[in-house]
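Since the structure comes first, as structure tokens, the remarks are kept for the end.
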Amino acid sequence: MLHIVACIKQVPDTKIIKMNPKTNTMDRSSAPAILNPYDAHAVEEAVRLKARYGGKVSVVTMGPPPAVKAIRKCIEIGADEGYLITDRAFAGADTLATSYSLTKALEKIGTLHPIDLIICGKMTIDGDTGQVGPGIARRLDIPPLTSVNKVVELEQEAGIAIVHRKLEDGYEVIQTSLPCLLSVEKEINEIPYSTLPNMLRAARYQPVVWSVDDLGDVDRTLLGLKGSPTIVAKVWPPEKPKGGEMLQGTSEEQVQRLFSILMERKTLFRDVGMRKGGGPQ
Amino acid sequence: MAEKFDVIVVGAGPAGTACAYTLAKNNVSVLLLERGEYPGSKNVMGGVLYRKMMEDIIPGFYKEAPIERPIVEQRFMMLDKESAATFSYKGMEWGKEPYNNFTVLRAKFDQWFADKAVEQGAVLVNETVALACIVENGRVVGVRTDRPEGDIYANVVVLADGVNSLLAKSLGFHKEFKPDEVALAVMEVLKLDKRIIEDRFNLEGDQGCTIEIFGDSTKGILGTAWLYTNKDSLNIGVGTMLSGLIKHKLKPYELLEYVKTHPMIRPYLQGTDQQEYLAHLIPEGGYRSMPRIVGDGVLVVGDAAQLVNAIHREGSNMAMTSGVVAAETIIEAIAAGDFTEKTLDVYKRRLLDSFVGEDLKKYKDATHHFEKYPHYFEQYIPMLNRAASQMFTVDGTSKREKQRKIWQGIGTAGEKMKIARDLFQAWRVMK
């Protein structure tokens, strides 16, 4: 039976989060915790593939106990099982340590039910790195396919999948061996309004909860803060641009105005010219 | 096959959650449906939660619930254009257990309360709108939600879906509100440093203060404004009967802006940042507007049953009590295996015999009386302010002379008689 696992994360809703003006860090209490929006699409894609090919959809997350709520959200979308790995030892993990911890969880899930496909969201909205997915693939030594916006086919027997990867000006069609890891774009699907039976199941759902000890052979030096070589040295909001002039009027007037500005500031114009390899002076 | 519960409660506000909590605690299978993202996300009240009724449900709740401040002082301001006569009571007995009441922020409190119901075994489903009751052979047997495969069944459906109860309307229990049966309240939550709140309102530590503001705060329309202290924010709001707003062509947010900039109120709000803006309807028609609240397989609780005592700013406590009484009735009905209106009607009788019914009956004419005779707010409050000003201004006039002038200022003998009659009438509707 096809087994698809989605890796998910509970994140603060960065659309409404406030920054602490003194420390420049996110004030996590100022925003509700939600399922990372990209991950919702990862789960939905897994659920759609299950609808096409049969099988089972699991989700796994690392986080504090309240992350159960994010798992329930995945059950609402249609996931079958959820695994939460939670332990003080995981705290302070960067993407390297996170990918290690999730890999250990995936290995354990794999011993219970072999995994054919892992799907991640493109990135989290609180970290914006998009590194954890590929990090997991590297550790599991399976092909990572990022920026996936369509799964064309999945053939469990033949052990192949065909997907589209989004490029700047189009897409590429890639055939890969299974198991593999996909990280998906939001546009890959639309999440429908969950059914009432799924809502009821989610409301009552208790995920499998594992601590570090439950994961078996784990190198503790690779977990949490200890296993995280990246440090956030400083955080600051982007500086707001000052002054400036908004060009008004018709397109023609705006071009005229822009042209005269560029002519007035000859230095700028010369720089542009030089970079282009000598244009008009 | 759609699932069946013993009970479906529609709406996770104080009434619905109190009902679900009580049922779950007694091992009744109960589904609690909430349309908001989470319980409390769409709920609004001025901000005062009374201890007694909540504690009947969860003893000592204030030790762990997200409350803002226990209230130790209640002020009542009679506001004129540039003056205010204020009466206040402050008592340290309210500052310690068992407390009298608290300010709460509903978005936090309702969520906590619903979590407690879930701990007892209630199944909470958020972001789901109940569209109508499913009726078979004249009996309510379930609820149709807006979700795919959204029908769900139960022996009893409890309608706790708030002031504008869609479901009670769908059953024909509710008629559309008349403008004199419903108040519109608008409110802002204003951020302010904890320390400044305590200095400004003369409070120590966690203590809180509430100010009810009558008179010019509603430009003479029947209603009140209020200013309550939270931990590190203030609630400022104003609520008036819809009919008054229509008659005076006033927009509620304009009225709130007027209150906020009033010279008697402005100083309290200095240096605050607006955090939230909320608006809600309050069913203030009282006893006479109470809809049908019992049917075959269905009970109506809380705002949906119009259980609000406008005179005493009470509502959430009545809601909770109604939820508990409904739950107790249902538990008996389950034991008897009978969910007909006849059996469930016990709910109505018990509710009307409780403080809820007693208070609603006591004030059944009050709102209507003050609505009908606006001079209480328009004339007598300014008169009181003038009298206080005259009495306390030291200008070399003898006190006896001042009293004489105040007495004269009230008007002719006929006018004095009218005031005496009005005060007697006011006493009668309030007694």
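Please compare each pair in A:240/B:42; A:9/B:116; A:69/A:104; B:175/B:348; B:175/B:342; A:22/B:96 to a cut-off of 29 Å on the Cα-Cα distance and tell me which ones are over it.
Working: A:240/B:42 34 Å; A:9/B:116 26 Å; A:69/A:104 22 Å; B:175/B:348 19 Å; B:175/B:342 23 Å; A:22/B:96 36 Å.
Checking Cα-Cα distances, A:240/B:42; A:22/B:96 exceed 29 Å.
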Let me confirm one metric for peptide B:146-152, namely the mean number of other chain beta-carbon atoms within 10 Å of its residues' beta-carbons. 5
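Give me the percent relative contact order of the range B:165-251, please, defined on Cα pairs under 8 angstrom at least 6 residues apart. Mind showing how you got there, number by number?
Values: 130 pairs, mean separation 28.8, N = 87.
RCO, the range B:165-251: 33 percent.
Work through the residues other than residue B:391 whose Cβ is under 9 Å from its Cβ and net out their charges, Lys, Arg +1 and Asp, Glu -1. Kindly include the intermediate steps, with their values, before the conclusion.
On the way: positive: B:399, B:402; negative: none.
Summing Lys/Arg as +1 and Asp/Glu as -1 gives +2.
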Could you state the angle between the C-alpha long axis of helix B:316-336 and the longest principal axis of the C-alpha atoms of chain B, as a value from 0 to 90 degrees rounded to the nearest 10? 20 degrees
Put +1 on the Cβ of each Lys and Arg and -1 on the Cβ of each Asp and Glu in chain A; which of A:171, A:79, A:248 then has its Cα farthest toward the positive end of the dipole? A:248
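Hey, could you grab the Kirkwood Rh for chain A? Inverse mean 1/r over distinct alpha carbon pairs, Å, one decimal.
Numbers: mean 1/r = 0.0469 Å⁻¹.
It is 21.3 Å.
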Round to the nearest 10 and give me the degree value, 0 to 90, for the angle of helix B:252-261's Cα axis relative to the longest principal axis of chain B. 40 degrees
Which one, B:92, B:270, B:408, is farthest towards the positive end of the dipole of the protein assembly as shown when Lys and Arg carry +1 and Asp and Glu -1 on their Cβ? B:408
Computed over chain B, the relative contact order (Cα-Cα under 8 Å, seq sep at least six) in percent reads 20 percent
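Share of antiparallel DSSP beta bridges in chain B, in percent to the nearest 5? If you can, show how the numbers build up before the last one.
Details: 55 of 79 bridges.
About 70 percent, rounded to the nearest 5.
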Using the crude model of +1 on Lys and Arg Cβ and -1 on Asp and Glu Cβ, and no other charge, please compute the dipole size for chain B relative to its Cα centre, in debye to 20. 1880 debye
Give the distance, in whole Å, between the Cα centre of the range A:1-63 and the Cα centre of the range A:200-215. 16 Å
Once you have a ≥ b ≥ c as the square roots of the Cα gyration tensor eigenvalues for the protein assembly as shown, tell me rounded if a/c is under 1.5, and otherwise prolate or oblate according to whether a/b is larger than b/c. oblate
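Just to confirm a number: summing +1 for Lys and Arg and -1 for Asp and Glu over residues other than residue A:190 whose beta-carbon lies under 14 angstrom from that of residue A:190, what do you get? Don't jump to the answer; show the numbers that get you there.
Numbers: positive: A:48, A:150, A:186; negative: A:44, A:45, A:185, A:187.
Neighbourhood net charge equals -1.
May I ask you to compute the full-extension gain from residue B:87 to residue B:372, defined as 0.36 nm times their residue separation minus their alpha-carbon distance, rounded to one decimal in nm? All intermediate terms of the calculation are to be shown ahead of the outcome.
Working: separation 285, 0.36 × 285 = 102.60 nm, distance 2.56 nm.
Extra length available between residue B:87 and residue B:372 comes to 100.0 nm.
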Charge dipole (chain B, unit charges on Cβ, about Cα centre) - positive-most of B:15, B:59, B:228: B:228
Under 15 Å from the Cα of residue B:90, which aspartates and glutamates turn up, not counting those fewer than eight places away in the same chain? B:73, B:198, B:204, B:206, B:212
So how far apart, in nm, are the two label points at residue B:421 and residue A:172 if each is 7 Å from Cα heading toward Cβ? 9.3 nm
What's the ranking of A:250-259, B:379-388, A:118-127 by average number of surrounding C-beta atoms within 10 Å, highest first? A:118-127, B:379-388, A:250-259
Counting Lys and Arg as +1 and Asp and Glu as -1, what is the net charge of the other residues whose Cβ lies under 15 Å from the Cβ of residue B:372? 0
Let me spell out the model: positive unit charges on the Cβ of Lys and Arg, negative unit charges on the Cβ of Asp and Glu, origin at the Cα centre of the protein assembly as shown. What dipole size does that give, in debye rounded to 20? 2320 debye
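To the nearest 0.05, what FRET efficiency results for residue A:255 and residue B:277 with a Förster distance of 51 Å applied to their C-beta separation?
Values: r = 43 Å, r/R0 = 0.84.
Here the calculated transfer efficiency is 0.75.
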The aspartates and glutamates whose Cα lies under 14 Å from the Cα of residue A:50, excluding any fewer than 8 residues away in the same chain, are A:80, A:81, A:116, A:153, A:155
Return the single residue from B:374, B:148, B:291 with maximal mean-square fluctuation; model: Gaussian network over chain B, springs between Cα atoms under 10 Å. B:148
Determine the dipole magnitude for chain A: charges of +1 sit on the beta-carbon of Lys and Arg, -1 on that of Asp and Glu, nothing else is charged, the reference point is the Cα centre, and the result goes in debye to the nearest 20. 860 debye
Over what distance in Å are the Cα centres of the range B:267-297 and the range B:191-235 separated? 18 Å
Hey, what number do you get for chain A at 222 nm if only DSSP H runs of n ≥ 4 count, each worth -39500 (n - 2.57), divided across all residues, to the nearest 500? -9500 deg cm²/dmol
Within a Gaussian network of chain B (alpha carbon springs, distance under 10 Å), most fluctuating of B:162, B:396, B:205: B:396
Given R₀ = 56 Å, what would the calculated FRET efficiency be for residue A:204 paired with residue A:22, taking r from the Cβ atoms and rounding to 0.05? 0.85
Nearest 5 is fine: what % of DSSP beta bridges in the protein assembly as shown come out antiparallel, could you say? 60 percent
Among DSSP beta bridges lying fully in chain A, give the percent that are antiparallel, nearest 5. 45 percent
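Only the coordinates and a few stated rules stand behind these numbers; no lab work does. A quick note: this is a predicted structure, and the numbers were derived from the prediction, not measured. All Cβ positions, even for glycine, are placed from backbone atoms using ideal geometry, and neighbour counts span all protein chains on display.
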